[in-house]
Amino acid sequence: MSLIEQARTAQRSAYAPYSKYHVGCALETNDGTIFTGCNIENASYGATLCAERVAIFKAVSEGHRHFRRIVICTDSTTPAAPCGLCRQVMAEFFGPELEIILCGANETERRYTFAELLPHPFNQSSFV
Ligand code: THU
């Protein structure tokens, strides 16, 4: 299965009874391991986790910190970009050249580097 197909499969697991907005993603590590994620909502809305953070936290919790690509799938007419909170979590682990592939309805697709989506990240190097 392609990375896009894996993200679409993960999207089917989205738990989104409140927004009804289903997101799936697939994150590829530098060694080729794939971690998927979906959004998981909560009756206490602020406890909701986005698909991207689920995938990143799954990977990091299993010892993977180096990534090369992420696919994020929604059913939006224009492929939706990750929220600001997820971009901040990405800034901890993603390099500027990491490829972000956004997929929307009807096979629409947009590709960015992480630096294009978050040009001036606050991360570890900000402390020095
Ligand atoms: N959501 C994501 O999973 N990723 C994003 O980058 C944006 C938003 C989810 C959170 C919530 O379950 C639903 O989409 C509506 O905001």
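So here's what we get for this one:
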{"item": "Principal axis dimensions, the range 1-73 - Cα atoms, whole angstrom, descending", "result": "37, 24, 13"}
{"item": "Rel. contact order, % - alpha carbon contacts under 8 angstrom, at least six apart, the chain", "result": "20 percent"}
{"item": "Choice from S76, S44, S61 with maximal GNM fluctuation in the chain (Cα, 10 Å cutoff)", "result": "S44"}
{"item": "Potential lengthening between V60 and A105 on full extension [0.36 nm per residue; Cα-Cα distance subtracted]", "result": "13.2 nm"}
{"item": "Neighbour count of at most 13 Cβ within 10 Å plus DSSP loop: longest chymotrypsin sites (Phe, Trp or Tyr not before Pro)-free window in the chain", "result": "22-121"}
{"item": "Size of charge dipole - the range 3-127 - debye, nearest 20, with Cβ of Lys, Arg +1 and Asp, Glu -1, no other charges", "result": "180 debye"}
{"item": "Mean ellipticity per residue at 222 nm, deg cm²/dmol - from DSSP H runs of n ≥ 4 across the chain, formula -39500 (n - 2.57)", "result": "-7500 deg cm²/dmol"}
{"item": "Size-normalised alpha-carbon gyration radius of the chain, reference 2.2 N^0.38 Å", "result": "1.00"}
{"item": "Within the range 1-102, GluC sites (Glu not before Pro) in DSSP loop having at most 12 other beta-carbon neighbours inside 10 Å", "result": "E62, E97"}
{"item": "Antiparallel DSSP beta bridges within the chain, percent to nearest 5", "result": "75 percent"}
{"item": "If the convex hull is drawn through the Cα atoms of the range 81-126, its volume per residue in Å³", "result": "62 Å³"}
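Rule-based calculations on the coordinates, nothing more; no lab input. The shown structure was predicted, so the numbers you read here are calculated from the model rather than taken from an experiment. When we count neighbours, we look across all protein chains shown, and the Cβ atoms used for this are built from the backbone with ideal geometry, even at glycine.
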